[in-house]
Amino acid sequence: MLIGVPKEIKTHEYRVGLTPSAVREYVRHGHQVLVETGAGAGIGAADSVYEAAGATIARDAAEVFARAGMIVKVKEPQPQEWVQLRPGQILFTYLHLAADRAQTEGLVASGCTAIAYETVTDARGGLPLLAPMSEVAGRLAIEAAAFSLRKPAGGRGLLLGGVPGVPPARVVVIGGGVVGTHAARMAAGLGCEVTVLDRSLPRLRELDDLFAGRVRTRFSTADALDEEVLAADVVVGAVLVPGASAPKLVDRAMLPRMKRLAVVVDVAIDQGGCFETSRPTTHDAPTYVVDGVIHYCVANMPGAVPLTSSHALNHATLPFGLALADKGLEALAQDPHLRRGLNVHNHAITNRAVAESLGMTFKELAA
């Protein structure tokens with residue numbers, strides 16, 4: 001199969017769909033790889049490095065989309081990209097369709113087969129292709145909060161970890177999954193007072209054991225959420241419903257009662273966000289203020305650290321990508337976990353959660 005790697009074009013997105021090391025693995029499996037010129041610039045990988053790994057360099061994205069049987073990307077295709085997709089072509093990337101009706105309609109119209117990293121599963125019920133970026137995003141969430149609290153950035157001038165004699169910031173993490181765990185780890189490491197809210201008692205027990213008392217755990221009820229959010233200096237939204245829109249857990253009515261210039265970091269923004277007042281932002285303009293609360297809602301947070309992110313992502317996606325390249329759509333029939341990544345196929349939505357979130361028609365893929 002001819003594998004195509006276009007350069008990412010989302011604002012301040014520096015990651016790349018395939019690293020040179022991953023290209024070499026595809027070539028070893030007998031496949032051809034076509035990489036758009038400059039695609040690896042964000043991770044310091046020149047075209048010559050890709051050529052040394054066995055890739056051919058394309059002059060532009062149009063050549064990649066026109067020739068490739070499978071497109072491997074990082075972020076969801078932008079409008080000028082999805083119109084270049086065609087029936088029978090495989091798209092393997094993050095999609096986050098539940099919060100993006102325009103992209104969904106574009107992919108359906110294209111007739112392509114779109115497989116989303118974020119809905120591929122594993123035998124333990126996890127999301128193995130989302131996990132590495134969730135780890136990065138969780139850690140970056142605390143860095144983003146620290147920056148947003150600084151006075152020159154428009155914040156209150158609060159140091160997250162405090163100093164002797166001055167208390168640290170209170171950080172509340174909503175959701176105890178991968179994002180929440182890594183956010184809590186970073187915040188606790190800085191000396192913050194950290195509370196994690198979740199509705200799974202088994203998960204709260206795991207977190208309690210993991211952090212050995214350095215992080216408070218609390219079952220998430222409306223009362224608990226209200227108490228913790230109003231007392232917080234930082235609130236990290238780390239809630240995920242696989243494939244579906246994130247639930248709105250903090251409504252606008254709560255904001256005026258929060259601390260002035262508290263910071264909310266909505267890591268769930270790719271799925272629509274878990275704060276009612278969230279809207280996607282970019283690394284160019286990452287924050288805005290609503291009712292005295294600073295919102296950080298960058299939709300591609302891991303793109304700020306592309307060297308780490310690209311390698312971490314490729315380590316996770318490579319086995320699945322190779323299976324698709326080696327077997328084509330037969331790989332979906334052989335692997336139920338990869339099959340759950342299928343979101344769009346043959347002009348139809350094949351992921352129930354996506355269809356329900358958008359109020360669109362779901363079509364079960366024939367076995």
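Which pairs in the list Lys7/Lys363; Lys10/Lys363; Lys10/Lys327; Lys73/Lys327 are over 22 Å apart, alpha-carbon to alpha-carbon?
Long pairs (Cα-Cα over 22 Å): Lys7/Lys363; Lys10/Lys363; Lys10/Lys327.
For segment 124-139, take each phi angle, set θ = phi - 60°, evaluate the Karplus expression 6.51 cos²θ - 1.76 cosθ + 1.60, and give the result in whole Hz per residue in order, putting x for glycine and proline.
9, x, x, 10, x, 8, 8, 3, x, 6, 5, 4, 5, 5, x, 5
For a quick check: with amide H placed at 1.01 Å from N, whose amide H comes under 5 Å from Gly4's, ignoring anything fewer than 5 positions away on the same chain?
Those lying under 5 Å, H to H, from Gly4 are Leu34, Gly69, Met70, Ile71, Val72.
Only sites in a loop by DSSP and with at most 14 other Cβ atoms within 10 Å count here; which trypsin sites (Lys or Arg not before Pro) in segment 109-175 make the cut?
The qualifying sites are Arg124, Arg150.
Just flag the GluC sites (Glu not before Pro) in segment 189-293 sitting in loop per DSSP whose Cβ has no more than 15 other Cβ atoms within 10 Å.
Glu276
Could you tell me the relative contact order of the chain? Use alpha-carbon pairs under 8 Å, at least six residues apart, and round to a whole percent.
Once divided by the residue count of the chain, the mean separation gives 18 percent.
Given the C-alpha centroids of segment 132-157 and segment 287-314, what is the distance between them in whole angstrom?
9 Å
For a quick protection proxy, order the peptides 87-93, 281-287 by their average other-Cβ count within 10 Å, most packed first.
Highest-to-lowest ranking by the protection proxy: 87-93, 281-287.
In cubic angstrom, how much convex hull volume per residue do the alpha carbon atoms of segment 227-269 span?
Taking the convex hull of the Cα positions in segment 227-269, it is 73 Å³ per residue.
Once both labels are modelled 7 Å past Cα along the beta-carbon direction, what's the His311-Ala41 spacing in nm?
Calculated label separation equals 2.2 nm.
For Arg101, project a label point 7 Å along Cα to C-beta. Then give me every residue of segment 232-253 with its amide nitrogen under 20 Å of that point.
Under 20 Å, as judged by backbone N against the label point of Arg101, lie 243-248 of segment 232-253.
If you filter segment 304-367 for GluC sites (Glu not before Pro), then keep DSSP loop positions with at most 13 other Cβ within 10 Å, what is left?
Glu364
Residues with amide H under 5 Å of Val290's amide H, sequence separation 5 or more or different chain, H placed in the peptide plane at 1.01 Å from N; which?
When sequence neighbours closer than 5 places are left aside, the close amide H contacts are His295.
Restricting attention to the alpha-carbon atoms of segment 139-183, what are Rg (one decimal) and Dmax (integer), both in Å?
11.7, 33
May I ask you to work out the translational diffusion coefficient for segment 131-303 at 4 °C, viscosity 1.567 mPa s, via Stokes-Einstein with Rh from the Kirkwood sum over Cα pairs, reported in whole µm²/s?
Translational diffusion coefficient: 83 µm²/s.
Taking the Cα atoms only, what angle lies between the long axis of helix 101-110 and the longest principal axis of the chain, rounded to 10 degrees?
Approximately 10 degrees, to the nearest 10.
When N is the residue count of the chain, what does its C-alpha Rg come to as a fraction of 2.2 N^0.38 Å?
1.01
At 222 nm, what helix-only mean residue ellipticity would the chain give, in deg cm²/dmol to the nearest 500, using -39500 (n - 2.57) for each DSSP H run of four or more?
After summing the helix terms and dividing by residue count, I get -10000 deg cm²/dmol.
Rule-based calculations on the coordinates, nothing more; no lab input. Please read all numbers here as calculations on a predicted model, not as lab measurements. With ideal geometry, Cβ positions are generated from the backbone for all residues, glycine too; neighbour counts draw on all protein chains shown.
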